[in-house]
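Below is one structure, written out as structure tokens; comments come after it.
The values are calculated or read from the model by the stated rules, or taken from the named source; none is laboratory data. A quick note: this is a predicted structure, and the numbers were derived from the prediction, not measured. Using ideal geometry, Cβ is built from the backbone for each residue, glycine included, and neighbour counts are taken over all protein chains shown. Side chains included, ligands, DNA and RNA excluded: accessible areas come from the protein's heavy atoms. Shrake-Rupley method; radii C 1.70, N 1.55, O 1.52, S 1.80 Å.
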There are 6 protein chains.
Amino acid sequence: MMGTVVRNIHRAEGGAIAALERLGVATVHEAQGRTGLMAPYMRPLWRGARIAGSAVTALCAPGDNWMIHVAAEVLKPGDVLVVACMSENTDGAFGELLATSIKARGAKGIVLDMGCRDAAEISEMKFPVWSRAISARGTVKATLGSVNIPVVCAGALVHPGDVVVADDDGVVVVPSRLASKALETATAREANEGEKRARLASGTLGLDMYGMRESLQKAGLKYID
Amino acid sequence: MMGTVVRNIHRAEGGAIAALERLGVATVHEAQGRTGLMAPYMRPLWRGARIAGSAVTALCAPGDNWMIHVAAEVLKPGDVLVVACMSENTDGAFGELLATSIKARGAKGIVLDMGCRDAAEISEMKFPVWSRAISARGTVKATLGSVNIPVVCAGALVHPGDVVVADDDGVVVVPSRLASKALETATAREANEGEKRARLASGTLGLDMYGMRESLQKAGLKYID
Amino acid sequence: MMGTVVRNIHRAEGGAIAALERLGVATVHEAQGRTGLMAPYMRPLWRGARIAGSAVTALCAPGDNWMIHVAAEVLKPGDVLVVACMSENTDGAFGELLATSIKARGAKGIVLDMGCRDAAEISEMKFPVWSRAISARGTVKATLGSVNIPVVCAGALVHPGDVVVADDDGVVVVPSRLASKALETATAREANEGEKRARLASGTLGLDMYGMRESLQKAGLKYID
Amino acid sequence: MMGTVVRNIHRAEGGAIAALERLGVATVHEAQGRTGLMAPYMRPLWRGARIAGSAVTALCAPGDNWMIHVAAEVLKPGDVLVVACMSENTDGAFGELLATSIKARGAKGIVLDMGCRDAAEISEMKFPVWSRAISARGTVKATLGSVNIPVVCAGALVHPGDVVVADDDGVVVVPSRLASKALETATAREANEGEKRARLASGTLGLDMYGMRESLQKAGLKYID
Amino acid sequence: MMGTVVRNIHRAEGGAIAALERLGVATVHEAQGRTGLMAPYMRPLWRGARIAGSAVTALCAPGDNWMIHVAAEVLKPGDVLVVACMSENTDGAFGELLATSIKARGAKGIVLDMGCRDAAEISEMKFPVWSRAISARGTVKATLGSVNIPVVCAGALVHPGDVVVADDDGVVVVPSRLASKALETATAREANEGEKRARLASGTLGLDMYGMRESLQKAGLKYID
Amino acid sequence: MMGTVVRNIHRAEGGAIAALERLGVATVHEAQGRTGLMAPYMRPLWRGARIAGSAVTALCAPGDNWMIHVAAEVLKPGDVLVVACMSENTDGAFGELLATSIKARGAKGIVLDMGCRDAAEISEMKFPVWSRAISARGTVKATLGSVNIPVVCAGALVHPGDVVVADDDGVVVVPSRLASKALETATAREANEGEKRARLASGTLGLDMYGMRESLQKAGLKYID
């Protein structure tokens, strides 16, 4: 299976992607039944980015970023590059030159289960990166992986074309066929939040707003003064 | 013992709390004989907060934040909510809505040995949070824990009503009965620091200022040119 | 070997050090054949510092910072203090007073495989620190180590007088006898980067710019539409 | 998607499973292009077991083993139960009573990305277990997950009915549709090993047996006496 | 508070201790409401030991085992020495000579949140040890801690005189005043287990034996063929 | 510096090596001033081996074991192969065939800061291995490293020809020029141990045998009844 590049993938509809981006990771994750979240060790290089896009996937060998170069060619504007690694590795597989390159190709950001380098330069470019580490260690270009195959990245399964949403809370993957449903649920969910927020801000307790008192009592909670 | 909520707790005196807050974690920790510090994996969500308050404690099951809702009701203005977990867990037990709620109830901040979500929103609210992780993963409300019982949070024992001091250096717990003594020692300690700082800034060595040369020599230190 | 302080060390030439500082960690690391990089758990206390200087080394016992005080005396303006620890330890061996002291002695920064405290104060001073942790826990002055012996710090071998370069990407060590050669290679390497960056920014692929297509094909890469 | 149990799954053919079991994890992993391996933190409870079977999958909430009970009903003799968890968790979701139960239902073993308890008793029963931890902490039965859906377990994607091979080297997953091909490749591979082993045992170097000298020279390897 | 040795402590009744030992960690932990368990990184040096005894506690500085020597004097036959550390540390604070010493004083075993050395020799002596690491690194005797004060060891609060139970599943702490109640509950619990085991061994499902089908259905579990 | 193989190295004298082997890791580490110990994550594949030999070193890229093959050629009977890795990596760089090969060349064992596979087979061969992980993941032969250069392995500096001692307590490195001195100290140290052991076994306290009471009192230790 290694050594395969799939050029054309099915992408979700742009409007859905834009809407999911606006909703953000926590809301989208909740809306799709708490599935698809990457492990919390995936952290943004700089705070404040929020992106969504179609996943172009790459699977790399540890210490090797050859497939990122291969993936760059099949990226389309608005995509998010998702890089998985065959085993746990923190080497700096992605740096300023690659950031310049995939930005020029239209990528909205990169999510990589490896390390990132040139942290200062990429932060200044405001190019969005989520990675498991920052490391100056360079990588070789010696071992084939694949591009646009299904990968497991930071514990989440990603198919090419899935919608990847990333912000300060982490990274969540929405299967492309479920994107519109997730959007619908998330939007409904968000509609509620404003009202909830207002009530809580005025001092109403979650215990009352969510009606938890009865179930707590049934579960046996005892109060002592 | 699970399933108990203690409504009323003894809190330390407000003046002592305010003074401990001003002194900060490193000084207070030092002043009370280097006890009560939480493990360094507890990090602030955003840099620059410094708080102190009486601990209201909650013990949660992994992946479950029910007891945070229960604890919200017994919080009083100026308290700090301390959330321990029955086993290691990074799920996002605390998010923007809960932050809105406990802020409205007067909480000064939260210290939780679980994850925090809505990182961007809570940072913008400037609500102080110390947690072991940032994670968008939501939690259930299914398993009883307790509120206002003694808990071990990030390796530190916390009794309800203890003073919790937190800043960029981490989180320290001052047993309520020792708060005034800790304050006294810390204040004395701080009084010294200005003069020490001035001497060191002028180039005096710690070796001389602290009189270490003799003990180093006794211990057998050898100099080679 | 414990209990030895070497007062005088051979330092690299100042011009080379200044040039390596300007080039930064990733470029220098690359230029010297990807050697000498510290592990990526070494993180800057605050973002944006970039320093280089001659290493003065200290080896401390866990939970003990005595040798940092000893090392302060042998520091010369422009040096970087490198602190290794006999076993894994995160205690706050370095705080504001020590920062004031070694800054007054002319140190450009510190790299310590232990913890740092007074994070807010040191960040405000803009004194550069790279450490494995932030921890308020104070340390004792009870056990001898050594100063200016070769140490392994965060996985990298550091001889006294080696050039240490540190920035947001981490910390790299350049053996003093190789400093001018590393500089030469790094400078040559950097000269190339501007042109490469421009080509990539204009949409040229790394595949073409680096001429990878043939080797990928030889390795057996297959494209599927 | 949560809250679904699929009763009937497609299993690989028994002969292929038996053959893969005999070949073991390292050979099978190699044979299928180094894919499908779980992370190395998955360790056997006791050394010396080697099993293969069709995967019945369960996805549990952290601190909750309800779905293991549900999965027990849909197990068939010869199956291997694969338990994934919604977030990182080490609680003892599997103990002696469950081991007794699924053994009685014919399960050959269990692979769980959570903790195992009753380590002594299960080891004495010689029931094969691979887990991320040993922990006495019990779990609740409060939150729905699913049974026989695709899961990511210890970084590997597992579809129900995939062949799971486990031994002292860890756990590998063979997609059911690829089982016969993997078997074929693995068998061919193994046929070679005896001869290779004999040559190496007689002192032949891998350099010569694998013909590496030329490629090493091309890559620039230099020998110094 | 550092620098205190409490000579005399209240110990639980011997019969209760012996009974808790026979029941083992998992059963006792369950019986006392799933409290008091140490973190699962505490592992036995060798498999097969099961002990219980009254806790004599020691708090050590990292890299320092002075207080273990102090604690040895106040141990009584049948006690278990519990060693906590002021910060995370894996140094070999306990070796063959100390094992010989505290065995001679009647200690049944040691639980230490530091490292153990002389692994082969202590295993051969069959002296029971639970530790967070095996490490040959020796420790100094330079910094005071305390003996027989309450400590947090591997996340569990231990008061002197509490009953510590340890086996292949880990370590659990039973507050001395709750020992007889824990024993009672554990015994009742165990009485049930034989019958449960027999039913499960005969193929009865936990779903039926525990009557879970209704609650699963209420929670919304759906079966698909 | 990468891509260099040094064929001939200076080895310590055989008698010293044999004596260091008999003394074991903990004693040797202590005897040389507690230096040279590898990190405690280096664990033996099977318990009970104790070896010492001259280090032949190899530096590998992550996920690549090419240099192990190159090193096999320069091994001499009695040597220990020490494999460092350019970045943290757990892949199974060493398996049964390589074990067969280097055993045939006379190697006494291997110490590798990577993973080991074929755990069952190598354990059965009784070939001694210390590694950071067990992992079935195979490695490529694509990137040059070096053989017989100084390396940092698991935090310890190893020069080719240094004496490596390994047993159940871990791995320690004795610089070849210090081997006879370390041996002398270790032997003297060991001579004492028998008598100490006997005294401690008869109930004498370390407090008395080592004369600690006075220094404890000076340090301020207080006893409470």
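Before moving on, here are some points about what is shown:
- Segment D:94-104 - phi-based ³J(HN,Hα) in whole Hz, Karplus 6.51/-1.76/1.60, Gly and Pro as x: 9, x, 4, 5, 5, 4, 4, 5, 6, 5, 4
- For the protein assembly as shown: rounded, prolate or oblate by the Cα gyration tensor [a/c cutoff 1.5]: rounded
- In plain terms, the C-alpha convex hull of segment B:91-225 casts an average shadow of 14.1 nm² when viewed from every direction.
- Using the Cβ-Cβ distance between D:ASN192 and B:GLU124 with R0 set to 60 Å, the FRET efficiency from 1/(1 + (r/R0)^6) comes to roughly 0.45.
- In this structure E:LEU45 has an accessible area near 10 Å², from a 1.4 Å probe over the protein heavy atoms.
- With θ taken as phi - 60° and the Karplus curve 6.51 cos²θ - 1.76 cosθ + 1.60 applied, the whole-hertz 3J(HN,Hα) list for segment D:36-51 is x, 7, 6, 4, x, 6, 7, 10, x, 5, 9, 7, x, 7, 9, 9 Hz, x standing for glycine and proline.
- Peptide C:83-96 has a mean shielding of 6, counted as Cβ atoms of other protein chains within 10 Å of each residue's Cβ.
- Ranked from shortest, the separations from the 7 Å Cα-to-Cβ label point of A:PRO150 to its equivalents in the other copies are 0.2, 5.1, 5.1, 5.1, 5.2 nm.
- Over all pairs of different C-alpha atoms in segment E:148-198, the reciprocal of the mean inverse distance, the Kirkwood hydrodynamic radius, equals 12.5 Å.
- With θ taken as phi - 60° and the Karplus curve 6.51 cos²θ - 1.76 cosθ + 1.60 applied, the whole-hertz 3J(HN,Hα) list for segment A:144-154 is 6, x, 9, 10, 6, 10, x, 10, 9, 10, 6 Hz, x standing for glycine and proline.
- Look at the alpha carbon pairs under 8 Å that are at least 6 residues apart: their mean separation over the length of segment F:84-225 gives a relative contact order of 17 percent.
- A cut-off of 5 Å between modelled amide H atoms, ignoring neighbours fewer than 5 places along the same chain, links E:CYS153 with E:VAL158.
- Nonlocal amide H pairs with F:SER131, under 5 Å, H built at 1.01 Å: F:ARG43, F:LEU45, F:LEU112
- Residue among D:ASN89, D:ASN148, D:ASN192 with the largest mean-square fluctuation in a Gaussian network model of chain D, springs linking Cα atoms under 10 Å: D:ASN192
- For C:GLU195, inter-copy separations between label points set 7 Å beyond Cα along the Cβ vector come to 5.1, 6.5, 6.5, 7.7, 8.6 nm, shortest first.
- Across peptide B:62-71, the mean count of Cβ atoms from other chains lying within 10 Å of each residue's own Cβ comes to 6.
- At q = 0.24 Å⁻¹, base-10 log of I(q)/I(0) for segment D:130-170 (Debye sum, equal scatterers on each alpha carbon): -1.10
- Gyration tensor verdict on segment B:65-129 (Cα atoms; rounded if a/c is under 1.5, prolate if a/b is larger than b/c, oblate otherwise): oblate
- Mean-position separation - Cα centroids, segment B:163-225 and segment E:57-107, in angstrom: 29
- Stokes-Einstein translational diffusion, segment D:1-75 - Kirkwood Rh over all Cα pairs, 1.567 mPa s, 4 °C, in µm²/s: 87
- Proximal lysines to E:LYS76, defined as alpha-carbon separation beneath 17 angstrom and excluding residues fewer than eight positions away on the same chain: E:LYS103, E:LYS108
- Over all Cα atoms in segment E:16-158, the spread is summed up by Rg and Dmax: 14.0, 41 Å.
- Using all pairs of distinct alpha-carbon atoms, the Kirkwood hydrodynamic radius of segment C:1-41 works out to 12.8 angstrom.
- When the Cα positions of E:LEU216, E:GLY206, E:ALA182 are compared along the charge dipole of segment E:110-225, E:LEU216 comes out farthest toward the positive end, with charges on each C-beta of Lys, Arg, Asp and Glu.
- Distant-in-sequence amide contacts of A:ALA58, defined by a placed amide H-H separation under 5 Å and a gap of 5 or more residues or a different chain, comprise A:VAL82, A:VAL83, A:ALA84, A:ASN148.
- Take each residue of peptide A:212-221, count the partner chain Cβ atoms within 10 Å of its Cβ, and average: the result is 4.
- Its Cα centre serving as origin, chain A has a Cβ charge dipole (Lys and Arg +1, Asp and Glu -1) of approximately 220 debye.
- Here F:LEU207 yields copy-to-copy label distances, from shortest upward, of 3.8, 5.0, 6.2, 6.2, 7.6 nm, the label point defined as 7 Å from Cα along Cα to C-beta.
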